[in-house]
Amino acid sequence: DVAGATRAACDAATAARDRAAAARGPADAAARETDLTAALDRLRALLDGPATSAAPAMRAALDDLAAADAAIAAATHAYGQVAATYNGATETFPSNVIAALAGFRDAERFEPREPGTRR
């Protein structure tokens, strides 16, 4: 039953989103975002099927998923740039001396994994 499978996939994506929102730190967020991406991919595959993709509500849901993907990619990229700039500053003289004295550490990298890979 397509409706039941779609509902289950939607519930799984919602639960994965809630877990991702509760992440603590970039490494934990990366792992949870990987799980969220996998859940959204399963939902997208169901919504993109011939039985559902013609419905206006399903097309809107697919468009919303695409917009969310773009926003996540942009945020991930922006974080990576900020972390690289910060890490570079804490490793370059003379700011590395001040960073060491103040106890600054490198920013944690946000590295999403491919869905299904081990943590």
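The values are calculated or read from the model by the stated rules, or taken from the named source; none is laboratory data. Quick caveat, the model's predicted, so the values are computed rather than measured. Cβ coordinates were reconstructed from backbone atoms using ideal geometry, including for glycine residues, and neighbour counts include every protein chain displayed. Ligands, DNA and RNA are stripped out before the accessible areas are found, and what is left, the full protein with its side chains, is counted by its heavy atoms. Shrake-Rupley method; radii C 1.70, N 1.55, O 1.52, S 1.80 Å.
Odds and ends about this structure:
- Per-residue SASA entry for T85, accessible area with 1.4 Å probe, Å² rounded to 10: 100 Å²
- Within the accessible area of the chain (1.4 Å probe), percent carbon and sulfur: 61 percent
- The residues of the chain have, on average, 65 Å² of accessible surface per residue, using a 1.4 Å probe with all protein chains present.
- Debye, to nearest 20: dipole size of the stretch 25-115, +1 on Lys, Arg Cβ, -1 on Asp, Glu Cβ: 60 debye
- Recomputing Rg and Dmax of the Cα atoms in Å from the coordinates shown identifies the correct label among [x] 15.7, 52; [y] 23.3, 96; [z] 19.0, 64 as [z].
- Alpha-carbon centroid distance for the pair the stretch 23-65 / the stretch 66-92, whole angstrom: 22 Å
- Here the Kirkwood formula puts the hydrodynamic radius of the stretch 52-91 at 12.2 Å, using every distinct Cα pair.
- With Cα atoms, 0 to 90° folded angle of helix 2-21 axis to the chain main axis: 10 degrees
- Listed values for the stretch 69-75 are Karplus-derived 3J(HN,Hα) couplings in whole Hz (6.51 cos²θ - 1.76 cosθ + 1.60, θ = phi - 60°), namely 4, 5, 5, 5, 4, 5, 5, and x replaces Gly and Pro.
- A dipole drawn for the chain from +1 and -1 charges on Cβ atoms has a positive end, and of P56, A102, Y79 the residue lying farthest that way is A102.
- Between the Cα long axis of helix 25-47 and the first principal axis of the chain there is an angle of about 20°, rounded to the nearest 10.
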